[in-house]
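Here is the structure we will look at, set down as structure tokens.
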Amino acid sequence: MSLFDMIGGQRQNPMQMMQQLRSNPAATLKQAGMNIPDGMNDPQQIVNHLLQSGQINNARLQAAQRMMGMFK
């Protein structure tokens with residue numbers, strides 16, 4: 001399942017989803033079912049938490065980074 005599939009329960013287009021992720025990464029990922037501690041807002045800190053907690057693996061992180069690179 002891709003990051004867009006996880007977030008896109010509301011049928012947003014990919015650009016809208018990327019804007020939502022950029023503006024509030026913790027809330028967006030929580031909405032997608034990820035466990036993000038309250039107050040954690042730094043994107044790198046969130047990524048580290050997701051990796052360390054086993055919620056994502058390196059392959060999934062790299063796939064998400066490639067997708068995000070397409071929308072810069």
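Tabulated values for the structure
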item: Listing of helices (runs of 4 or more DSSP H) fully contained in the stretch 15-72 that carry 1 or more residues being in contact with a Leu (Cβ under 7 Å, 6 or more places away or on another chain) and in contact (Cβ under 8 Å) with a residue 60 or more places away in the chain; result: 58-69
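Quick grid of which residues meet (1) modelled with pLDDT of 85 or more; (2) under 12 Å from the mean Cα position of the chain (by Cα); (3) among the β-branched types (Val, Ile, Thr):
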site	(1), (2), (3)
PHE4	no, yes, no
LEU50	yes, yes, no
SER53	yes, no, no
MET70	no, no, no
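The values are calculated or read from the model by the stated rules, or taken from the named source; none is laboratory data. Because the structure is a prediction, the values reported are computed rather than measured. Note that each Cβ is placed from the backbone with ideal geometry, even for glycine, and that neighbours are counted across all protein chains shown.
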